[in-house]
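Reading through the structure tokens given below for one structure.
The values are calculated or read from the model by the stated rules, or taken from the named source; none is laboratory data. All values reported here derive from a predicted model rather than from experimental measurement. Virtual Cβ from ideal backbone geometry, glycine too; neighbours counted across all protein chains shown.
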Amino acid sequence: MRRIAIFQRDLGVGGIQRALLNLLHHIDFTRYRIDLYLCDKENFFECSFPKEIQVHYRPRLPYWCRFVPFFLLRHFFPRPRITEHYDVAIDFGGDHNETALDCCICPADKRILFFHTDVGTKYRLNPKYRILFGFFKGKFHCFDEFVAVSEGIVSPFRQVTGIKDKPIHVIPNYIDVPAVLEKSRETVDFQVDANRCNFVAVGRMCHPKGFDLLLEDFAKAVKRRDDLHLYFIGDGPDRGQLELLVSTLHLESHVTMLGGRPNPFPYMALMDALVLTSRFEGQAIVVQEARVLGLPVIAPKRLEKVNPLVHGVDDIADALVSFQKTSKSPDLLEQYNASVLQKLDELLCS
């Protein structure tokens, strides 16, 4: 039986956290023994762990440690020892110093870092990330192999990190199809106007998700077609700015913000289509989840490179105006998920 250590800072709201939970519920425990190391007990999605998983909690670093070069953190900020020896240690989130440090000190035959975003575009668009990257970039050289959640983010990762000769495997996120379908049937006190075309956008309200871009396009569409309504599921630091933009664009009667929902699927199931306008993504698992629910996906061409299920459009406003309701055809993703598990097995057993 292979012994696997997985390091993730928290299970708060986010696609990475959801992806990890999906995976943990579909690991073959006859072949793998999983220890999960967390730095926070938050569990936004209110999910339980399979009984076979051992959960351990590690201390978080102070905020200011993100401004300390990684090699100094490694040598002068010792972490509590991990005595268990593993075949593979995985930094699943790939973004935090705590998990990278713990993965580095963990006795393991192989260390793997997963990355879930387009590092190249993030580095180019986000000045704060560029500054922080200068402090933590040294961590990448501590790992033996890497996993990208889509083919389109491999080359930008190599360019920005300087990792040229180490293996990068492409393994998309596993989608828990039965859970999505079951949760979508949960009763909620919510309805949409069937006489309108109802669109939904799902995600954290932050700059990378491009909800401001969506609102600007939606305002153009509403001027040409009045029977459109847009729902947002999510919360985050930009919510106030987005609410102000809704008012500025006079969209109050066409936009509803539902806030963060641990279970977004009963709301998504009532919609006619998902709209995705992120400035950058790693994969955007909400696309697969929407397909499970039979929702068409409207997204710009720039996101085609990170998700093969996205057939991008040149103009979001035009796509919204021309949208016509169709009968929903759920995609159960059998081949997709089988391929994900096969690739994961190959990674963990090599």
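Among the residues making up the stretch 104-161, those that are without any contact (Cβ under 8 Å) to a residue 40 or more places away in the chain, touching a Gly at 6+ places or on another chain (Cβ under 8 Å) and either surrounded by fewer than 16 Cβ atoms within 10 Å (Cβ to Cβ) or farther than 19 Å from Leu348 by Cβ (or both) are Phe140, Ser155, Pro156, Gln159. Within the stretch 260-278, can you find the residues that are more than 19 Å from Pro178 (Cα to Cα), of a type outside the set (Asp, Glu) and modelled with pLDDT of 95 or more? Selection gives Met271, Ala273, Leu274, Val275, Leu276, Thr277, Ser278. I'd like to verify a number: residues in the stretch 190-234 that are among the charged types (D, E, K, R) and within 18 Å of Ile285 (Cβ to Cβ), how many? Residues flagged as among the charged types (D, E, K, R) and within 18 Å of Ile285 (Cβ to Cβ) within the stretch 190-234 amount to 2.
Every condition in (1) at pLDDT 95 or above; (2) under 18 Å from the mean Cα position of the chain (by Cα); (3) of a type in the set (A, V, I, L, M, F, W, C) holds for Leu249 except the one numbered (2). Scanning the stretch 253-289 for residues that are part of a strand (DSSP E or B) and β-branched (Val, Ile, Thr) yields a count of 3.
Hey, among Val246, Val255, which residue is surrounded by 18 or more Cβ atoms within 10 Å (Cβ to Cβ), free of Cβ contacts under 8 Å to residues at least 40 places away in the same chain and of a type in the set (A, V, I, L, M)? Steps first, answer last, please.
Numbers: Val255 fails: free of Cβ contacts under 8 Å to residues at least 40 places away in the same chain.
Exactly one of Val246, Val255 is surrounded by 18 or more Cβ atoms within 10 Å (Cβ to Cβ), free of Cβ contacts under 8 Å to residues at least 40 places away in the same chain and of a type in the set (A, V, I, L, M), namely Val246.
Taken over the stretch 84-103, the criterion of being touching a strand residue (DSSP E or B) at 6+ places or on another chain (Cβ under 6 Å) and either free of Cβ contacts under 8 Å to residues at least 40 places away in the same chain or not aromatic (Phe, Trp, Tyr) (or both) is satisfied by Asp87, Val88, Ala89, Ile90, Asp91, Gly93, Gly94, Thr99, Ala100, Asp102, Cys103.
Number of residues in the stretch 54-89 that are surrounded by 12 or more Cβ atoms within 10 Å (Cβ to Cβ), assigned to a loop (DSSP other than H, G, I, E, B) and either modelled with pLDDT of 95 or more or among the charged types (D, E, K, R) (or both) equals 8.
The number of residues in the stretch 5-37 being surrounded by fewer than 22 Cβ atoms within 10 Å (Cβ to Cβ) and either outside any helix (DSSP H, G or I) or not assigned by TED's automatic domain parsing to the domain that holds Cys106 (or both) comes to 16.
What residue, of Leu309, Leu320, is at negative phi, assigned to a helix (DSSP H, G or I) and touching a helix residue (DSSP H, G or I) at 6+ places or on another chain (Cβ under 6 Å)? It would help to see each step written out before you state the result.
On the way: Leu309 fails: assigned to a helix (DSSP H, G or I).
Only one candidate qualifies: Leu320.
Of the residues making up the stretch 221-237, just one is β-branched (Val, Ile, Thr) and over 17 Å from the mean Cα position of the chain (by Cα), namely Val222.
Within the stretch 290-305, does at least one residue satisfy the condition of being in a strand (DSSP E or B) and farther than 30 Å from Pro156 by Cα?
No, that holds for no residue.
Residues that are in a loop (DSSP other than H, G, I, E, B) and either of a type in the set (Asp, Glu) or closer than 29 Å to Leu181 by Cα (or both): does the stretch 241-251 have at least one? No: the stretch 241-251 contains no residue that is in a loop (DSSP other than H, G, I, E, B) and either of a type in the set (Asp, Glu) or closer than 29 Å to Leu181 by Cα (or both).
Here Ala194 meets each of (1) under 26 Å from Phe77 (Cα atoms); (2) of a type in the set (A, V, I, L, M); (3) surrounded by fewer than 18 Cβ atoms within 10 Å (Cβ to Cβ) with one exception, condition (1).
Quick check, is Val180 assigned to a helix (DSSP H, G or I), among the aliphatic types (A, V, I, L, M) and out of contact with any Pro (no Cβ under 7 Å at 6 or more places or on another chain)?
yes
Scanning the stretch 215-240 for residues that are surrounded by fewer than 20 Cβ atoms within 10 Å (Cβ to Cβ), small (Gly, Ala, Ser) and in a helix (DSSP H, G or I) yields Ala219, Gly240.
Pairs needed: first member in the stretch 268-279, more than 17 Å from Asp315 (Cβ to Cβ); second member anywhere, among the acidic types (Asp, Glu) and surrounded by fewer than 24 Cβ atoms within 10 Å (Cβ to Cβ); C-beta distance under 7 Å; at least 6 residues apart or different chains. As it stands, the answer is none, since no pair meets every condition given.
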